Each structure stands twice: as C-alpha cells, then as structure tokens.
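The values are calculated or read from the model by the stated rules, or taken from the named source; none is laboratory data. Being a predicted model, the structure only gives us computed values, none of them experimental. Note: ideal-geometry Cβ built from the backbone for every residue, glycine included; neighbour counts use all protein chains shown.
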Amino acid sequence: MRSTALAHIPVGVVVERRKAKSMWVDYLWRPVSVFAGKPAAAPWTALAAGAESSLFLAGEAVIELHRTETTNYRANLASGAPALWVALRPIASERPYEILAVTADPAEGEAFTDAGSNLVEAVPMPPDIVAAVDQFVAQHHVERPFVKRQRDQQTASSRRAGWENEE
C-alpha cells in the first residue's frame, strides 16, 4: 500500500528493560525515547546496562506526516509537552518486540492502544522533531471552519408528525 504522507522523518527508538517485581514475568519493557536520524547501531544493541535496568536501541522507524492530520499535530505542539507515541508489537523471537509505528498524532497514538497486546507509550518529542513538525504544520495546515449542519425541514416536520401520531 502506498503512503499518502507528505513528509517522512527517520528516527531511532530506545527502549528500557527493567527487572519486574513479579513472579510471572522477568522483565518489563517500555519505550523511553526517540531521536532524529537513522541509528548507526544494529537493532537491539545494548546502549547501557545497570543492575535493575538496561537500555536498548530497538531499531529504526519513520514518522509520517499527513496534511489531513495537521490539526492534531498542532494541538500536540501546543500542549506544552509535545510527545511522540511509540507502538511496539510483541513477536515470537529472541527479540521481544518489533517497532510497529512512531507517530506525532495523538489520535493515532491512542488508536494503537486498541490492540490489547501492543505496548504503546508517549515519549518526549525531541526539539529537532518539534521543529520539523512545526514547519510541516505551518506549510500544510488549512483552517477548516466548523459548519453546523442544518436539518432538512421536511425531514424534521415528518419526524414531528410521526411522533404526534404515536402518542
């Protein structure tokens, strides 16, 4: 399927593995950051290791920006704490997850939580990505006025007549 995105921002995704305090799972995973550009290291390269937690480069993703979503991007930027939503999908391999998507659209980020097994986290949007998204919005946003739909008078009259007959 061909993408309708007008802009593409390559990013690297960093995840944290933390020891779980549970007898059912050994580790808890969560995305912790995103950086602009293509990662130089291979996916699932260990970046830092500690006694309780470790950081890994999960791999590369691409943020796609669409003209029709500029209102959502603008709201995200205006929130005071711009975020990117990282969605990871569990896979059956030595790697626990694969990157499903990274998005600057809050509505799309929320939609990724609908699939029960996806791991979705909002992470801070880096300043260089904020600038790129802001430039995209400035270039492509079209203000769409809210238009309240008017009822068709004939339909409204028919409904009222129908209700009067039922009483």
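Can you name the condition, by its number, that residue 90 falls short on among (1) crowded, with 16+ Cβ neighbours inside 10 Å; (2) over 22 Å from residue 38 (Cβ atoms)?
So residue 90 meets the others, but not (1).
Keeping to segment 42-82, report how many residues are assigned to a loop (DSSP other than H, G, I, E, B), at negative phi and surrounded by fewer than 17 Cβ atoms within 10 Å (Cβ to Cβ).
Count: 7.
If you check every pair at least six apart or on different chains, which have Cβ atoms under 7 Å apart with a residue in segment 68-94 that is more than 18 Å from residue 126 (Cα to Cα) and in contact (Cβ under 8 Å) with a residue 60 or more places away in the chain first and a residue that is surrounded by 11 or more Cβ atoms within 10 Å (Cβ to Cβ) and among the polar types (S, T, N, Q) second?
Close Cβ pairs (under 7 Å, with a partner that is surrounded by 11 or more Cβ atoms within 10 Å (Cβ to Cβ) and among the polar types (S, T, N, Q)) amount to 88/118.
Considering only segment 95-108, state which residues are in contact with a Leu (Cβ under 8 Å, 6 or more places away or on another chain) and touching a residue at least 24 places away in the same chain (Cβ under 8 Å).
Scanning segment 95-108 gives 97, 98, 99, 102, 103, 104.
Considering each residue of segment 83-138, count those that are in contact with a Ser or Thr (Cβ under 6 Å, 6 or more places away or on another chain), in a strand (DSSP E or B) and at pLDDT below 95, and give that number.
At the first step, the residues of segment 83-138 found to be in contact with a Ser or Thr (Cβ under 6 Å, 6 or more places away or on another chain) are 85, 90, 109, 120, 123, 137.
Within this subset, residues satisfying the condition of being in a strand (DSSP E or B) are 85, 90, 120, 123.
Of the ones still in play, those that are also at pLDDT below 95 are 90, 120.
Adding up the residues that qualify gives 2.
Could you list, in sequence order, all residues of segment 7-36 that are in a loop (DSSP other than H, G, I, E, B) and either touching a strand residue (DSSP E or B) at 6+ places or on another chain (Cβ under 6 Å) or crowded, with 18+ Cβ neighbours inside 10 Å (or both)? So that I can check it myself, show each step before the final result.
Quick first cut of segment 7-36, residues in a loop (DSSP other than H, G, I, E, B) only: 20-26.
Of everything in segment 7-36, just one residue is in a loop (DSSP other than H, G, I, E, B) and either touching a strand residue (DSSP E or B) at 6+ places or on another chain (Cβ under 6 Å) or crowded, with 18+ Cβ neighbours inside 10 Å (or both), namely 20.
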